[in-house]
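Trainee: Questions regarding the structure given below will be posed in turn.
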Amino acid sequence: MEISTVGVIGAGQMGNGIAHVCALAGYNVVLTDVNEDALKAALALIDRNLERQVSRDKISADDKAAAMARISTTGKLADLGQSDLVIEAATEREAVKVAIFKELLPHLQPHTILTSNTSSISITRLAAGTDRPEKFLGFHFMNPVPLMQLVELIRGIATDDETYEACLAVVKRLGKTAATAQDFPAFIVNRILMPMINEAVYTLFEGVGSVESIDLSMRLGTNHPMGPLELADFIGLDTCLAIMHVLHDGLGDTKYRACPLLTKYVEAGWLGRKTKRGFYDYSGETPVPTR
């Protein structure tokens, strides 16, 4: 099927990045959020990020202007009804996603494809709560969306070939690369990444190393661009904890048990960069380890 309009639900860190790359690739984008301020902030951030691409000669000023002109915003989910493809990028809580799809369903066209940017929640289960499980797919972008090349495409048990192929074509048009994953807890990237981050937190919890030494060891010892604790702060410690719970609940293996220290940081509201404090304190010019 021909996809020309993309609806994006959620104007946060992931949603604004998805809107950015879709508009730049020539799709008309309708971005929605329950928070009007979040929509305004998203447009301003997209504008700044596109301008950065212009300054680096990645795109032209005309490309930027055309992309911005393709993005419209709304506070009403019903306004996404005419979209050919909907990408849900709301908070990583299943009850929230289920409620969003339930509200959206009556307004959709028969051919509209529904997708979720979830990093861990069952696609099959989300799809089963809709009227089109065969037209439902996991569409998992990596953060930051404009820079990261990978998109995980996750097929639910009912996803048909036409839906998969249509979304694969979108990934290619965005200039990104797709990895196909089966619908098991946390899919591929987070199935491997989150236990590593959790183990780094255990290493800190048990006093094997400090925040600084753990991150330094992984950057220089394994050539990772970011240490695991720095990366956890970038992702959001609440998101890391939620994915560990999904892995533990879904696979029933104690090796996926979340580290108590990770739980404590989340309980304290120390969620990483977005709250200015996590494994590092971001209140000054240079991040400072908190342990």
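The values are calculated or read from the model by the stated rules, or taken from the named source; none is laboratory data. Quick caveat: nothing in here was measured; it's all calculated off a predicted structure. When we count neighbours, we look across all protein chains shown, and the Cβ atoms used for this are built from the backbone with ideal geometry, even at glycine.
Trainee: Among the residues of the stretch 80-92, how many are buried (at least 22 other Cβ atoms within 10 Å of the Cβ) and either free of Cβ contacts under 8 Å to residues at least 12 places away in the same chain or hydroxyl-bearing (Ser, Thr, Tyr) (or both)?
Mentor: Total satisfying the criteria: 1.
Trainee: So ILE121 clears everything in (1) over 19 Å from GLU2 (Cβ atoms); (2) in contact with a Lys or Arg (Cβ under 8 Å, 6 or more places away or on another chain); (3) assigned to a strand (DSSP E or B); (4) not small (Gly, Ala, Ser) except one condition, right? Which one?
Mentor: Going through (1) over 19 Å from GLU2 (Cβ atoms); (2) in contact with a Lys or Arg (Cβ under 8 Å, 6 or more places away or on another chain); (3) assigned to a strand (DSSP E or B); (4) not small (Gly, Ala, Ser) one by one, ILE121 breaks only (3).
Trainee: Go through the stretch 93-118 residue by residue and tally those that are buried (at least 20 other Cβ atoms within 10 Å of the Cβ) and in a loop (DSSP other than H, G, I, E, B).
Mentor: Residues in the stretch 93-118 being buried (at least 20 other Cβ atoms within 10 Å of the Cβ) and in a loop (DSSP other than H, G, I, E, B): 4 in total.
Trainee: Here is a further query. Take the residues in the stretch 51-65 that are touching a residue at least 12 places away in the same chain (Cβ under 8 Å) and closer than 18 Å to TYR27 by Cβ, then tell me which one is surrounded by the fewest Cβ atoms within 10 Å (Cβ to Cβ). Reasoning before the result, please.
Mentor: Going through the stretch 51-65, the residues touching a residue at least 12 places away in the same chain (Cβ under 8 Å) turn out to be 51, 53, 59, 63-64.
With the extra rule that they be closer than 18 Å to TYR27 by Cβ, the set shrinks to 53, 59, 63-64.
Numbers: GLN53: 17, ILE59: 17, ASP63: 14, LYS64: 20.
Looking at the filtered set, the residue picked out is ASP63.
Trainee: Examine the stretch 162-173 for a residue that is under 30 Å from THR222 (Cα atoms) and either at pLDDT below 95 or among the hydroxyl-bearing types (Ser, Thr, Tyr) (or both), and state whether such a residue exists.
Mentor: Within the stretch 162-173, not a single residue is under 30 Å from THR222 (Cα atoms) and either at pLDDT below 95 or among the hydroxyl-bearing types (Ser, Thr, Tyr) (or both).
Trainee: Check ALA23 against each of (1) among the small types (Gly, Ala, Ser); (2) surrounded by 15 or more Cβ atoms within 10 Å (Cβ to Cβ); (3) under 28 Å from CYS240 (Cα atoms); (4) modelled with pLDDT of 95 or more and name the one condition it does not meet.
Mentor: Of (1) among the small types (Gly, Ala, Ser); (2) surrounded by 15 or more Cβ atoms within 10 Å (Cβ to Cβ); (3) under 28 Å from CYS240 (Cα atoms); (4) modelled with pLDDT of 95 or more, only one is false for ALA23: (3).
Trainee: Being surrounded by fewer than 18 Cβ atoms within 10 Å (Cβ to Cβ), modelled with pLDDT under 95 and not assigned by TED's automatic domain parsing to the domain that holds SER122 is the requirement here; does LYS274 meet it?
Mentor: Values: surrounded by fewer than 18 Cβ atoms within 10 Å (Cβ to Cβ): yes; modelled with pLDDT under 95: yes; not assigned by TED's automatic domain parsing to the domain that holds SER122: yes.
In short, yes.
Trainee: Any residue in the stretch 148-164 that is part of a loop (DSSP other than H, G, I, E, B) and under 25 Å from PHE234 (Cα atoms)? Lay out the reasoning, then the answer.
Mentor: First, the residues of the stretch 148-164 that are part of a loop (DSSP other than H, G, I, E, B): 148-149, 156-160.
So of that shortlist, the ones also under 25 Å from PHE234 (Cα atoms) come out as 148-149.
Yes, that holds for at least one residue.
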